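Working notes, beginning with the structure itself.
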Amino acid sequence: MNPKNKLDDAIESIKNGVSSVGDKYDNHIREKAVEQVNEKIEEKGLNLEQIEDEDYEAMISDLSKDIKEDYAKKASGGLLAFIGLDFLMGW
């Protein structure tokens, strides 16, 4: 196997890994959104059959965006905290 093939294989492996992580993240967000939407529907005393598919998907989509924003805020807060600790400790 020549070096070019090894490099191409490595690049392809990295691309597949990145897309796999992205898919898992999106699936995790969607699962959380579905759970929370179902809980809200149950709290209001409704059945899933009473809600149209388009409305259900819209609720899941909106909540998915909110969850992603929340994760982004937590990640940026953690990063800022890390940077702040970095300055305090003089590393």
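All of the numbers you see were taken from the coordinates with simple rules; none came from a lab. In this text the structure is predicted, and so the values were computed from the model without any measurement. No Cβ is skipped: glycine too gets one built from the backbone with ideal geometry, and neighbour counts run over all protein chains shown.
Every residue, every condition in (1) closer than 22 Å to TYR25 by Cβ; (2) assigned to a helix (DSSP H, G or I), yes or no:
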residue: LEU46; (1), (2): no, no
residue: GLU49; (1), (2): no, yes
residue: ILE60; (1), (2): yes, yes
residue: LEU63; (1), (2): yes, yes
residue: LYS74; (1), (2): yes, yes
residue: GLY77; (1), (2): yes, yes
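Checked against (1) in contact with a helix residue (DSSP H, G or I) (Cβ under 7 Å, 6 or more places away or on another chain); (2) outside any helix (DSSP H, G or I); (3) of a type in the set (A, V, I, L, M, F, W, C), ILE67 passes all but a single condition, namely (2).
Name the residue that is surrounded by the fewest Cβ atoms within 10 Å (Cβ to Cβ), counting only residues in the stretch 38-82 that are β-branched (Val, Ile, Thr) and over 20 Å from the mean Cα position of the chain (by Cα). First the steps, then the outcome.
We begin by selecting, within the stretch 38-82, every residue β-branched (Val, Ile, Thr); these are 41, 51, 60, 67.
With the extra rule that they be over 20 Å from the mean Cα position of the chain (by Cα), the set shrinks to 41, 51.
On the way: ILE41: 16, ILE51: 14.
Within the stretch 38-82, the match that is surrounded by the fewest Cβ atoms within 10 Å (Cβ to Cβ) is ILE51.
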